[in-house]
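Engineer: Would you mind keeping the following structure in view while I ask a few things?
What follows draws every value from the coordinates through simple rules; no lab data is involved. Here the structure is a predicted model, which means the values were calculated and not measured. Because the Cβ atoms are built from the backbone with ideal geometry, glycine has one as well, and the counts that use them run over all protein chains shown.
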Amino acid sequence: MSHCSITRRTVLTAAALLLTAGAQAQGIQDRTLRIGTTVPADHPISLGAKKFVEIVAAKSGGKLKVKDYPALQLGPELQQQSALVGGVQDMFVPSTASLAGVVREFTLLDLPFLIRTSAQADALMDGPFGQALLAKLPEKGLVGLAIWENGLRHVTNSRHPIQRLEDLQGLKIRVQQSPVFIDVFKALKANPVPMSFGEVYGALESKALDAQENPLLVARSAKLYEVQKYASTTGHAYGVLVVLVSKKLWDKLSADERNLLQAAALEARDYQRQVSREQARKAMDDLRAAGMQINEVSAAERERMRQATQPVTDRVLQSYDPALVRLLRSELERIAYIS
Ligand code: EAX
């Protein structure tokens, strides 16, 4: 065996040793963690979780193994959330709407017509208001590592195109399990039905429901075009999700393991936001190709929808900590001109 191949092998072994020694020295232990998401594996939220798995494996030298479970495989949203609080599940990436039952302040993010663009969303979520919300989670047994993107929410239905405010009247529409979403669609004179995302396809297929509301990418990924004829760009809310860790697990982790998971969640955030925006540009064409009829709702009709829901926004803002509402208002002013 030649001299240089020995040196190369010695160097490689030394490097490997260093890595494991480094890992052990920094308190990275062998662990297998489970992370759940709500949407199918091809959706940018689940692609983000898959990226998180890869980054954690790379940063921990393979010692921290994360297994991802898309499409609510680990159970409905509220069940997974309580499994984290109970310490029987490690991680979950729910929509802020389903977090409303744990930390009610998250429903402030569900208020209608707050945000128009992804740049505004990033500025608000990554700014002091987003951080203030994440800081409320530990006292409830959860740790929030990052805020990921779902996107601008639009209405799909099987009855007729939504051109005007009045076209929402009487629509039996699935909404997320959030008091704000229920009140908003009541204010729009629709008939809101709160339900786990896992039941939406079946309820639309059986015609128990007429409609649902989600970013078009969710409609594509969950094949809702098979059970919905119309999509209308209401843009009535901006959907985001929180990467959660069970506090019971978090308290057992070393500082290095925590820093590693935190860094990985932020790196995967940037990745999934980018993928989400790239795919969102194609979603409308894909849904049209799949047979859906998509119409743009005019700015004038959106404004009428915003005015119809303003009493809900006013009432909700009055029922929260004034300091937090002041922060939200000043942040909304700060991001208003970001396009
Ligand atoms: O988290 O429940 C919903 O409509 C959410 O947008 C979806 O599950 C993605």
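Engineer: Only one residue in 94, 112 is within 16 Å of the ligand (Cβ to nearest atom) and within 14 Å of the chain's Cα centre (by Cα), so which one is that?
Structural biologist: On the way: 112 fails: within 14 Å of the chain's Cα centre (by Cα).
Residue meeting the stated conditions: 94.
Engineer: Same structure, new question: Being touching a strand residue (DSSP E or B) at 6+ places or on another chain (Cβ under 7 Å) and either over 23 Å from residue 274 (Cβ atoms) or surrounded by 20 or more Cβ atoms within 10 Å (Cβ to Cβ) (or both) is the filter here, so list the residues in the stretch 115-140 that pass it.
Structural biologist: 115, 121, 125, 130, 134, 137
Engineer: Hey, another quick one. What's the number of the only condition in (1) in contact (Cβ under 8 Å) with a residue 24 or more places away in the chain; (2) loosely packed, with under 14 Cβ neighbours inside 10 Å; (3) more than 30 Å from residue 138 (Cβ to Cβ) that residue 289 fails to meet?
Structural biologist: Tallying (1) in contact (Cβ under 8 Å) with a residue 24 or more places away in the chain; (2) loosely packed, with under 14 Cβ neighbours inside 10 Å; (3) more than 30 Å from residue 138 (Cβ to Cβ), residue 289 fails exactly one: (1).
Engineer: With (1) touching a residue at least 12 places away in the same chain (Cβ under 8 Å); (2) farther than 25 Å from residue 309 by Cβ; (3) of a type outside the set (D, E, K, R) as the list, and residue 79 as the residue in question, which single condition is left unmet?
Structural biologist: For residue 79, the failing item is (1).
Engineer: Looking at the stretch 25-46, which of its residues are hydrophobic (A, V, I, L, M, F, W, C) and either within 13 Å of the ligand (Cβ to nearest atom) or free of Cβ contacts under 8 Å to residues at least 12 places away in the same chain (or both)? I'd like the intermediate steps shown before the answer.
Structural biologist: Here is the first cut: in the stretch 25-46, the residues hydrophobic (A, V, I, L, M, F, W, C) are 25, 28, 33, 35, 39, 41, 45.
The answer is 25, 39, 45.
Engineer: Also, I was wondering about something else. Out of the stretch 145-190, which residues are surrounded by fewer than 22 Cβ atoms within 10 Å (Cβ to Cβ), in contact with a Lys or Arg (Cβ under 9 Å, 6 or more places away or on another chain) and within 21 Å of residue 79 (Cα to Cα)?
Structural biologist: Hit for the stretch 145-190 is 179, nothing else.
Engineer: Looking only at the stretch 138-181, which residues are in contact with a Phe, Trp or Tyr (Cβ under 6 Å, 6 or more places away or on another chain) and either within 11 Å of the ligand (Cβ to nearest atom) or among the basic types (Lys, Arg) (or both)?
Structural biologist: Scanning the stretch 138-181 gives a single hit, 175.
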